[in-house]
Amino acid sequence: MPEPEKASPLTGPVRLKVSIEFDTVEEARATCEALKVDDDEFIRTGRDGKIVIGEITARTVDSARRSADDWLACLMAIKDSMIN
């Protein structure tokens, strides 16, 4: 009988949680609402007071990395637009 296939350390589920604290609740609320527009099966955005939280779930490390990169890029664009 063949041995059961072992899971690779690079396969999932892979879960990442990113927390970013803002100066004000209003800034965190606005950022969270803007980020939630892009939530999908891989990313969920939430808020706890002044902290915006991105929770990423993916099947592979690479997929989680890509989702985190996209979410962080959106975060930076939103932050830049708030400054300008």
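Within the range 49-70, can you find the residues that are under 9 Å from the mean Cα position of the chain (by Cα) and assigned to a helix (DSSP H, G or I)? Show your work before the answer.
Going residue by residue through the range 49-70, those that are under 9 Å from the mean Cα position of the chain (by Cα) are 53-57, 64, 67-70.
If the condition is that a residue be under 9 Å from the mean Cα position of the chain (by Cα) and assigned to a helix (DSSP H, G or I), then 64, 67, 68, 69, 70 are the ones that fit.
Scanning the range 51-70 for residues that are under 25 Å from residue 26 (Cα atoms) and free of Cβ contacts under 8 Å to residues at least 40 places away in the same chain, we see that the one that is surrounded by the fewest Cβ atoms within 10 Å (Cβ to Cβ) is 69.
Of everything in the range 29-45 that's in contact with a Lys or Arg (Cβ under 9 Å, 6 or more places away or on another chain) and more than 19 Å from residue 82 (Cβ to Cβ), which residue is modelled with the lowest pLDDT?
Just the residues of the range 29-45 that are in contact with a Lys or Arg (Cβ under 9 Å, 6 or more places away or on another chain), to begin with: 29, 31-33, 36, 42, 44-45.
From what is left, the residues that are more than 19 Å from residue 82 (Cβ to Cβ) are 42, 44.
Values: 42: 91, 44: 97.
The selected residue is 42.
Residues of the range 35-45 being touching a helix residue (DSSP H, G or I) at 6+ places or on another chain (Cβ under 7 Å) and not in a loop (DSSP other than H, G, I, E, B), which ones?
Filtering the range 35-45 for residues touching a helix residue (DSSP H, G or I) at 6+ places or on another chain (Cβ under 7 Å) gives 35, 38, 42-43, 45.
Those that are touching a helix residue (DSSP H, G or I) at 6+ places or on another chain (Cβ under 7 Å) and not in a loop (DSSP other than H, G, I, E, B): 35, 43, 45.
Across the range 55-79, the qualifying residues are those that are farther than 23 Å from residue 23 by Cα and touching a Gly at 6+ places or on another chain (Cβ under 7 Å), and the one among them that is modelled with the highest pLDDT is 58. Taking the criterion of being closer than 15 Å to residue 71 by Cα, in contact with a helix residue (DSSP H, G or I) (Cβ under 9 Å, 6 or more places away or on another chain) and not small (Gly, Ala, Ser), would at least one residue in the range 27-34 satisfy it? Yes: the range 27-34 contains one or more residues that are closer than 15 Å to residue 71 by Cα, in contact with a helix residue (DSSP H, G or I) (Cβ under 9 Å, 6 or more places away or on another chain) and not small (Gly, Ala, Ser).
The values are calculated or read from the model by the stated rules, or taken from the named source; none is laboratory data. This structure is a prediction, so every number in the text was calculated from the model and none was measured. Reconstructed Cβ throughout: ideal geometry from the backbone, glycine too, with neighbour counts over all protein chains shown.
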